[in-house]
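Below is one structure; the comments refer to it alone.
The values are calculated or read from the model by the stated rules, or taken from the named source; none is laboratory data. What you see is a predicted model, and the numbers here were worked out from it, not measured in a lab. Ideal geometry is used to build each Cβ from the backbone, glycine not excepted, and the neighbour counts take in all protein chains shown.
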Amino acid sequence: MTSTAAPSRVSSAILARVSDVGYGAPSFQAVLSYWGLASFETDLRAHLNTTPVHGTYPQDMVRVAKSLGLEAEWKDNLTIADLEASLRDGVPVNCRRPAPEGAQ
């Protein structure tokens, strides 16, 4: 996988999981696709250290994105306005839903 300078014309992605390990790898795959990078979910799970126990950690997404030459950062507590601004600026956003109260 190598990075390209301009994003593709895809404005949204349909996520199709090939396993039930979680949505981290396929959602990361969608971001890579936005930037014109082809990848396989199974390969990404290995690069992202994804496991059935913990899924995919956001820090691993940032690490792999940077290793591919992309700019990436992890942010907590974004507002809807923050998300709208990123999308308006053409920055793909990968959101993680907080775990329900009492979930492990």
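For this structure, a couple of remarks:
- When the stretch 46-73 is filtered for residues that are of a type in the set (S, T, Y) and closer than 20 Å to G36 by Cα, only S67 remains.
- For the stretch 34-55, residues that are closer than 19 Å to R96 by Cβ and either surrounded by fewer than 17 Cβ atoms within 10 Å (Cβ to Cβ) or modelled with pLDDT under 90 (or both) total 8.
- Matching residues, the stretch 57-93, being closer than 23 Å to L44 by Cα and in a helix (DSSP H, G or I): P58, Q59, D60, M61, V62, R63, V64, A65, K66, S67
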